[in-house]
1. Could you work out the relative contact order of the chain? I mean the mean sequence separation of Cα pairs under 8 Å and 6+ apart, divided by the number of residues, in percent.
2. Can you give the relative contact order of segment 108-232 as a percent, counting alpha carbon pairs under 8 Å and 6+ residues apart?
3. Which cross-chain or sequence-distant (5 or more) residues have an amide H under 5 Å from the amide H of residue 74, H modelled 1.01 Å from N in plane?
4. Quick check for me: using +1 on Lys/Arg Cβ and -1 on Asp/Glu Cβ, what's the dipole size of segment 73-232 about its Cα centre, in debye to the nearest 20?
5. So what J values fall out for segment 107-120 if you push phi through Karplus, 6.51 cos²θ - 1.76 cosθ + 1.60 with θ = phi - 60°, rounded to Hz, Gly and Pro as x?
6. For the chain, what number results from the quotient of the Cα radius of gyration and 2.2 N^0.38 Å?
7. For a quick check: with amide H placed at 1.01 Å from N, whose amide H comes under 5 Å from residue 205's, ignoring anything fewer than 5 positions away on the same chain?
8. Which value, in debye to the nearest 20, describes the size of the charge dipole of segment 128-181 about its Cα centre when Lys and Arg Cβ atoms bear +1, Asp and Glu Cβ atoms bear -1, and nothing else is charged?
Amino acid sequence: PPTDASTRRGAFIVFEGCDRAGKSTQAAKLVEYLQKRHKQPSLKSLGVGVGETFTNNLKESETMTDKAKVAQLWKFPDRTTHIGKMIDGYLKNTKDLDDHVVHLLFSANRWECMTAIKNILLSGTTLVVDRYAYSGVAFSAAKDLDINWCKSSDIGLLTPDIVFFMDLEPEEAVKRGGYGKERYEKLEFQKKARKIFLDLKDSSWKVLDARQTIPELHQQIFETAEENNLII
Ligand code: DGP
Ligand code: NA
Ligand code: NA
């Protein structure tokens, strides 16, 4: 694979796990790390010769654009789209929907982003995504929907390069200030979902013990990403 930063596609990194496992915290920390450690183009590649003075007169907005070019944080469900708003209403218990319909909405919410995700990755930007299709299967199959039916609507979605599964027993998750008021934030349901998650584990997964501290987990995550050649 090409290693030149200008031609290489971005890495597709996914965080999965039950509620309150620390996914969002670690996903955000990884993005920040990627943006910070990214090497600025050398003076040579900017066309500044030896002996010439180089002043960095980038405006703040340009610095931001540059950061977003290196790595971006995405999250599913994306509650901002039309489909996402239906999902949000369902999760907040303001709207009841058939379980199959809900499953297909979550899946459609991923599908509606696929072209954008593909283009971002091809442009060389790394994407760190908080939840993906594994959540889709785990939470729907936990309602006793047929697991193969659950998997089928996500067939064809882009495959992540790596999945960090933040594993935490739901009994431990509850101790972290408890669950919120959303529909799935119930101990028995989360326990069922965790079991299904662990059955979905494939070779792209790195299972992390989410009882560790935030810095410990962060270090484990960026080191694993480096070992897997996912950081330029
Ligand atoms: P979050 O915004 O990450 O807290 O997710 C909201 C809830 O939705 C959470 O309990 C997990 C659940 N969830 C996330 N993705 C899916 C999905 O694709 N399908 C189903 N059924 N539930 C999902
Ligand atoms: Na939640
Ligand atoms: Na989260």
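Each value in this text was obtained by applying a stated rule to the coordinates, not by laboratory testing. Keep in mind that this is a model prediction, so the values were computed, not measured. Quick reminder, even Gly has a Cβ in these numbers, built from the backbone with ideal geometry, and neighbours come from all protein chains shown.
1. 34
2. 27
3. Here the answer is 128, 129, 130, since their amide H atoms fall under 5 Å of that of residue 74.
4. Here the size comes out at about 480 debye.
5. 5, 4, 5, 6, 4, 5, 9, 4, 4, 5, 4, 4, 5, 5
6. 1.13
7. Placed amide hydrogens put 163 under 5 Å from residue 205.
8. About 240 debye.
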